[in-house]
Amino acid sequence: MLFGAFPDLGQDTEQILASGNFVVVRLHATGTHKGNFAGIAPTKKSVAFHLCNVLEIRNGKGINGRLYGDNATLFQQLGALSLPKATAAG
């Protein structure tokens, strides 16, 4: 779904963490919204957001994986989500 909506999607690895049978990869993604994404028609807007990929490894092969994304930031950049600005306490 991501590559269809953002055909020029680029990813830069920020950090790789390994523990036991798991590897976590933090990524920074950039792209241009040129296709449908989650029901949002193409906006031609450039976006930048973070992803986290959690992989389970067994016998040197990935057997399970989950990709988590900062969807709030992505939807804000596409104009589909408006969040109030934070204010200082006090």
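Table for the structure above
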read-out: Listed residues Asn59, Asn21, Ala38: farthest to the positive end of the dipole of the chain (Cβ charges); value: Ala38
read-out: Of (1) 14.8; (2) 15.3; (3) 18.1, the label for Kirkwood radius over Cα pairs in Å derived from the coordinates; value: (1)
read-out: Within a Gaussian network of the chain (alpha carbon springs, distance under 10 Å), most fluctuating of Phe37, Phe75, Phe22; value: Phe22
read-out: Sorted by Cβ neighbour density within 10 Å, fewest at the top, the residues Lys61, Lys34, Lys85; value: Lys85, Lys61, Lys34
read-out: Value of relative contact order over the chain, rounded to a whole percent, pairs C-alpha under 8 Å and six or more apart; value: 22
read-out: Potential lengthening between Ile16 and Ala80 on full extension [0.36 nm per residue; Cα-Cα distance subtracted]; value: 19.9 nm
read-out: Test item: Cα-centred dipole of region 2-77, Lys/Arg +1 and Asp/Glu -1 on Cβ, debye; value: 160
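Every read-out reported here was derived from the displayed coordinates using simple, explicitly stated rules and does not represent laboratory data. Computed from a prediction, not measured in an experiment: that's the story for all the values here. No Cβ is skipped: glycine too gets one built from the backbone with ideal geometry, and neighbour counts run over all protein chains shown.
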